[in-house]
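What follows is one structure encoded as structure tokens, with my remarks underneath.
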Amino acid sequence: MLAYSKEREIALQATIVASQFCEKVRRDQASQAFAKPDHSPVTVADYGAQALICQTLKAQFPQDAVVGEEDPLVLSSPGMQSCLDQVTAYVQTWVTGATSQDVLDWVGQGQDPTGQRFWTVDPIDGTKGYVRGDQYAIALALIEEGVVQVGVMACPALPVQFGGTGGPQSPGVVFTAVRGQGAEMLSLASGTRSPLAVNRISTPQGFQLIESVERDHGTPEWQHRVIQSLGWQLPPLRMDSLAKYGAIARGEADLYLRLPTGNSLQRRENIWDHAAGVIVLEEAGGKVTDQWGKPLNFACGTKLQDNEGIVASNGYIHEAVLEAIGERAEA
Ligand code: AMP
Ligand code: MG
């Protein structure tokens, strides 16, 4: 049996269940969101998906630690009673007899950043996209001694290909990767699995940039200025969530830039916002570093403390982009 087969299969099933959960909540509740203490939005689906995923991981891999984005202390705070009641009611549709305490316990199982081997979970990456009716991802990755070994990300609203049928009504796709074993995409509509490979484009004039919909999650003006010096021409694609890594892994985009400047220079990225996407893209032949060319270091706790900015590419244009960033930084 191939290494990590069980991990990949359990993670795949857990993200598929979470996708169905999130899509059901989105159909029922449209754009209802609550505010976390840091003012970022959170929904019934973020908590429910984390509860279901953690419950599965702890049942299947009781020795493994899990680090999830959502905090049960927020969900159990007085202002969130209505959210907790709704999460519990939805989770009961999936787990008969589940109580609010069970939900809090399962969400809380994802609060243990201690292991040499641990899972990191983002139950909904791109909550703003989820609420807007756009793209989002359910991300799960297994990290061992700082190395991402398995990554799974479900994109419930992403069609099998751009321009194809799909969108918010389609059951979407799931990207999976195991270190050294390549990356695949599963179509949730047909069950078809296809191997993933980046676009071999190396000429800057023809490459496709992809970046966040939320402009303040990067610095689009600076990002564009950097690659204009390479002769970049095509208008950028904009997409929420880790789905951007999937778009490059399947050859529909070539470069994802997430460059902090000004006030956000001190900000460090969360591991769960990148781990699954990084391994999917690397196993499809792409490359991911920070803006100075350093590999992402997943051994620093919940943040990528050692890294500034993200440069994810098809690999072929990576060095040219890093050089352009370096030159502009010196200028
Ligand atoms: P995206 O969908 O690519 O725009 O990224 C969504 C992620 O952006 C969320 O998971 C947040 O953790 C993260 N985020 C929130 N605020 C910022 C910020 N100011 N800069 C960069 N990332 C952010
Ligand atoms: Mg996130």
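The values are calculated or read from the model by the stated rules, or taken from the named source; none is laboratory data. Only a predicted model underlies this, so the values are computations on that prediction, with no experimental measurement involved. Using ideal geometry, Cβ is built from the backbone for each residue, glycine included, and neighbour counts are taken over all protein chains shown. Keep in mind that these areas ignore ligands, DNA and RNA; they rest on the heavy atoms of the full protein, side chains included. Shrake-Rupley method; radii C 1.70, N 1.55, O 1.52, S 1.80 Å.
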| Got a number for residues in the range 259-289 being more than 27 Å from Val66 (Cβ to Cβ), assigned to a loop (DSSP other than H, G, I, E, B) and within 15 Å of ligand 1 (Cβ to nearest atom)? | 3
| task | Look at the range 301-320 and say how many of its residues are over 10 Å from Lys287 (Cβ atoms) and touching a residue at least 60 places away in the same chain (Cβ under 8 Å). | result | 3
| field | Scope the range 53-83; condition open to solvent by 20 Å² or more (accessible area, probe 1.4 Å), touching a residue at least 60 places away in the same chain (Cβ under 8 Å) and away from ligand 2 (no atom under 16 Å from the Cβ); matching residues | value | none
| task | Return the total of residues in the range 294-330 being open to solvent by less than 50 Å² (accessible area, probe 1.4 Å) and assigned to a strand (DSSP E or B). | result | 4
| request: Could you please tell me which pairs satisfy a Cβ distance under 8 Å, a separation of 6+ or placement on different chains, a first residue in the range 263-282 that is open to solvent by 10 Å² or more (accessible area, probe 1.4 Å) and within 16 Å of ligand 2 (Cβ to nearest atom), and a second residue that is of a type in the set (Asp, Glu) and part of a helix (DSSP H, G or I)? | output: Ser264/Asp216
| field | One residue from Tyr245, Tyr256 being open to solvent by less than 30 Å² (accessible area, probe 1.4 Å), within 16 Å of ligand 2 (Cβ to nearest atom) and in a strand (DSSP E or B) | value | Tyr256
| Residue match in the range 163-181 (condition: in contact with a strand residue (DSSP E or B) (Cβ under 8 Å, 6 or more places away or on another chain) and surrounded by fewer than 17 Cβ atoms within 10 Å (Cβ to Cβ)) | no
| said: So, in the range 194-242, exactly how many residues are part of a loop (DSSP other than H, G, I, E, B), within 16 Å of ligand 2 (Cβ to nearest atom) and exposed (fewer than 15 other Cβ atoms within 10 Å of the Cβ)? | reply: 1
| field | Subset of the range 85-117 that is open to solvent by less than 50 Å² (accessible area, probe 1.4 Å) and aliphatic (A, V, I, L, M) - its residue that is farthest from Gln60 (Cα to Cα) | value | Val87
| task | Look at the range 207-247 and say how many of its residues are of a type outside the set (Lys, Arg) and within 16 Å of ligand 1 (Cβ to nearest atom). | result | 24
| message | I want to confirm something. Restricting to the range 129-142 and keeping residues that are within 16 Å of ligand 2 (Cβ to nearest atom) and among the hydrophobic types (A, V, I, L, M, F, W, C), which single residue is nearest to Leu242 (Cα to Cα)? | response | Ala137
